[in-house]
1. Cα extents of the stretch 7-148 along the three principal axes, largest first, in whole Å?
2. Which is the longest part of the chain that has none of the GluC sites (Glu not before Pro) sitting in a DSSP loop with at most 10 other Cβ atoms within 10 Å?
3. What percentage of the solvent-accessible surface of the chain, computed with a 1.4 Å probe over protein heavy atoms, is contributed by carbon and sulfur atoms?
4. Where does helix 219-229 land angle-wise versus the long Cα axis of the chain, in degrees 0 to 90, nearest 10?
5. For the chain, report the accessible area per residue in Å² (1.4 Å probe, heavy atoms, rounded to an integer).
6. Any idea what % of Cα-Cα pairs in the stretch 145-212 are farther than 19 Å?
7. Starting from the 7 Å offset along Cα-to-Cβ, what nm value, one decimal, do you get for the label separation of Asn176 and Asn162?
8. In whole Å, what is the distance between the alpha-carbon centres of the stretch 148-208 and the stretch 21-89?
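The values are calculated or read from the model by the stated rules, or taken from the named source; none is laboratory data. The structure displayed is predicted, hence computed values, not measured ones. Neighbour counts are summed over all protein chains in view; Cβ atoms, including those assigned to glycine, are modelled from backbone coordinates with ideal geometry. Please note that ligands, DNA and RNA were not included when accessible areas were found on the heavy atoms of the full protein model with its side chains. Shrake-Rupley method; radii C 1.70, N 1.55, O 1.52, S 1.80 Å.
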Amino acid sequence: YWLKKEIFRLPPTMLEEKRQGIEERDIIVAFPLDKKKGTGRVFAFLPTEVISGLPFLLNADFILSTNRETIQTDRPWNLWLRDCVADVAVNGFLELIQCSEYRKLAYSFIPLTDDLKVNPDFFRPICEKACSKLSGQEVVLTEKDELALPKHTRLPSDGIRNLFSDTTDRPQALQNLHFVAKEISKYAKQLEAIGVARYSPSDFYNALSDRDWLQSRTIDWLLKLYAYFLGPNNPALLEAVQKL
């Protein structure tokens, strides 16, 4: 596991009869580097019966039901702890993407609301806050092995990657856009959740509108382009190029 632990001081207005005299609390997130270890279990020092659906293990001093099977989701203490979790998860993610060994795996730990299993209304703010925080940072690994803002990156199909494989000679419309690294494309849902868009027909139209660049292409490249347009899954792209 890759562990991330942070300490949070109680808000001045927080009053909890079961936690009197406590001024701060730890929150720990554990990213399982071996996927066979499973994810989603919530701990309150000891394991609970809660399997959240979050892509990591979570330990916090939640106030539980008497049988330790559930979190008391309407308790202000638990809501405060819940609202701190995204910060820990994001900071742990930012550490992981700086580690070459686990950089690509890190994207599997972006929490998605669709994956929540129990108490989705309670855990959903963790996903939403984490994705929102990541959307404004240079966290997306590109084909040039650099990190870029999600809004400046695109998820291309294999055909698009093939057409624009020369990263040093691209149309003007691709000068400020980056393709995500192919190795992390399998985490498309997570990438889209933080603001990465798929490479669209309008993006392709804008690229091919660079007439100077288009006229400099070789015959072989143009044949590859037409073969791509005639593919069975590209009617929208064919319509777009007909407008040129």
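1. Cα extents, longest axis first: 54, 33, 23 Å.
2. Within the chain, the longest run free of exposed GluC sites (Glu not before Pro) spans 102-244.
3. 48 percent
4. Approximately 50 degrees, to the nearest 10.
5. Spelled out: the 1.4 Å probe surface of the chain, per residue, equals 53 Å².
6. That tail contains 27 percent of the Cα-Cα pairs.
7. Label at Asn176, label at Asn162, 3.1 nm between them.
8. The distance from the Cα centre of the stretch 148-208 to that of the stretch 21-89 comes to 36 Å.
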